[in-house]
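The values are calculated or read from the model by the stated rules, or taken from the named source; none is laboratory data. Everything numeric in this text was worked out from a predicted model, so none of it was measured. Cβ atoms come from the backbone with ideal geometry, glycine included; neighbour counts cover every protein chain shown. All accessible areas refer to the heavy atoms of the entire protein, side chains included, with ligands and DNA or RNA removed. Shrake-Rupley method; radii C 1.70, N 1.55, O 1.52, S 1.80 Å.
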Amino acid sequence: MIRLTKSIFFLSLLLAIGACSKDDATSDDIKGVWKAISFEATASSTFQGTGSTSRINSTTVNYTVNFGDSDWTTNGGYTYTTSTTVTGFPASNSTETVSDVEGSGTYSIDGNEMTLNGSFFEFDFNGMTFNTTSGPQTANFEINSNGQLIISQDETMTSQGVSTNVTSRSIWERE
């Protein structure tokens, strides 16, 4: 169950990473290349009455997103730590490195909400290819007073009898 929960959490995180506080932002405000500075996420899952929580924090990030007029591309890699508890007790801690991550798709903006379409990430992880084609995905964003793009998402999903709530936040700087 921990492996299934961790896999669902990781895929959810990847969806969340890609999706600024400036009122009524437009695509002109985010056009260009942004380099990820950090990301963090928390996933809480319930499977057959057993609850688990996983926390992911980036440790090394070499990952960019390039926003065009209405399209985007991503590439790079990163290292992150995961800490998981099951029914309140520590279950696992790990560090993972993901490389050769790339994706592409389209996006639209309405106020401080961004809707993404396309396979945001496509990568090999532990010898398996993951393709998180899912759309549309919605995230809130802002550009803070330091000019950083802040992307956040709060999403609940159910898959194979596991209900998972994922909250995430990523910070990006213009490259």
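Figures for the structure shown
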quantity	calculated
Condition check for Thr115: part of a strand (DSSP E or B), open to solvent by 40 Å² or more (accessible area, probe 1.4 Å) and at pLDDT 85 or above	no
Within the stretch 40-94, considering residues that are of a type in the set (Phe, Trp, Tyr) and crowded, with 18+ Cβ neighbours inside 10 Å, the one nearest to Thr158 (Cα to Cα)	Phe47
Among residues of the stretch 125-160, those that are modelled with pLDDT under 75, surrounded by 12 or more Cβ atoms within 10 Å (Cβ to Cβ) and assigned to a loop (DSSP other than H, G, I, E, B), counted	2
